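Worksheet for the structure shown next.
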Amino acid sequence: MARPLRIEYEGAFYHITARGNEQKRIYFNKTDYGKFREYLEGAREKYGCLIHAYVFMTNHYHMIIETPNANISKIMHFINGSYTTYINKKRDRSGHLFQGRYKAILIDRDTYLLELSRYIHLNPVRARIVEKPEDFLNSSYASYIGNRNDTIVYHEQILQMISESGDTIQA
């Protein structure tokens, strides 16, 4: 049975998730997190996507991606394929890094975007890795509150939803 086609259209917002094969690690050290970020930057430049939020846990990730050009399949093929190749070469392994196909859930920008951003940024807190979301290094949260410059994140949409001025907020 064939997999269902992805729903793609210009201006779509997606909650993207992918988990490590057998729920194992996908990031093994600080360099790996940085390399994954490089692939996100590459996807942003190559395909014109907007990354609104992200969190990279040890065995999975969550992102909010907007596709002005209706190309989520190409974006995710580039990100996950490039990162899997990098890990396989670095760790002298072969095969799948991710468990099945990434999940891409269409979301409504007006009713769910802000709530999803909260969910993503609080993921490390709920997992009891940190007490405050700004303490987790592999998340876009610190850039939203002005603690870190993060060039891969497009902040304006979410900031406009929580602040009249659209500026960063203070924790």
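Just so it is clear, none of the values below were taken in a lab; they were calculated from the coordinates. What you are looking at is a predicted structure, and each value in this text was computed from that prediction instead of being measured. Glycine gets a Cβ as well: all are built from the backbone with ideal geometry, and neighbour counts include every protein chain shown.
Annotations for the structure displayed:
- The chain: C-alpha gyration tensor shape, a/c 1.5 cut-off, then a/b vs b/c: oblate
- Long hydrophobic helices in the chain, taken as whole DSSP H segments with a C-alpha length of 18 Å or more on their own axis and mean Kyte-Doolittle hydropathy at least -1.0: 72-90, 113-126.
- 24 Å Cα-Cα reach of residue 35 towards lysines, excluding residues that sit fewer than 8 places from it in its own chain: 24, 46, 74, 89, 90, 103
- Listed residue (124, 159, 70) projecting farthest to the positive dipole end of the stretch 12-162, Cβ model: 124
- Anisotropy class of the stretch 1-49 from Cα gyration tensor, a/c 1.5 cut: oblate
- Value of [θ]222 nm, deg cm²/dmol, for the chain, DSSP H segments ≥ 4, -39500 (n - 2.57) each, nearest 500: -11500 deg cm²/dmol
- Sites excluded, GluC sites (Glu not before Pro) in DSSP loops with at most 11 other C-beta within 10 Å, longest stretch of the chain: 11-130
- Computed over the chain, relative contact order equals 28 percent, with contacts defined as Cα pairs under 8 Å that lie 6+ residues apart.
- Net charge of Cβ neighbours under 14 Å - reference residue 82; Lys, Arg +1; Asp, Glu -1: +3
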